[in-house]
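A short worksheet on the structure shown next.
None of the figures in this text is laboratory data; all of them are computed from the coordinates on show. Just so it is clear, the model here is predicted, and its values are computed rather than measured. Note that each Cβ is placed from the backbone with ideal geometry, even for glycine, and that neighbours are counted across all protein chains shown.
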Amino acid sequence: MPSWEKIQKRNLPTEDVLEVLERLTCFVQLVDSSLYSLYEQEAKQRIAVRDVDDWSVVAVALMLECPIWTEDTDFFGTGIATWTSDRVYLYLGQ
């Protein structure tokens, strides 16, 4: 679920945000916590210095052995590759 405080802070229209999220369901799949909970301790250790609340993202990346697409610098230094939107755009544009 999106952080409504962040949406309001950026003055984004709620309807537009909900529409974008609805469209993303074609590409994004929820991962049941029972699958990545095995990685919780390691994930928390990796992200603890920055924002331990983001541990689940790190845990899923560890489980899937894949990078994280983010604009959030809290994931830097976790030992997991990160991709920012501009890099993803360049990659997909090739």
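Just a few scattered comments:
- For GluC sites (Glu not before Pro), the sites in region 25-94 that DSSP calls loop and that have at most 15 other Cβ atoms within 10 Å are GLU65, GLU71.
- Helical runs (DSSP H, four residues minimum) scored at -39500 (n - 2.57) apiece and divided by the length of the chain put the mean residue ellipticity at 222 nm at -13500 deg cm²/dmol.
- The share of C-alpha pairs in the chain whose separation exceeds 21 Å stands at 44 percent.
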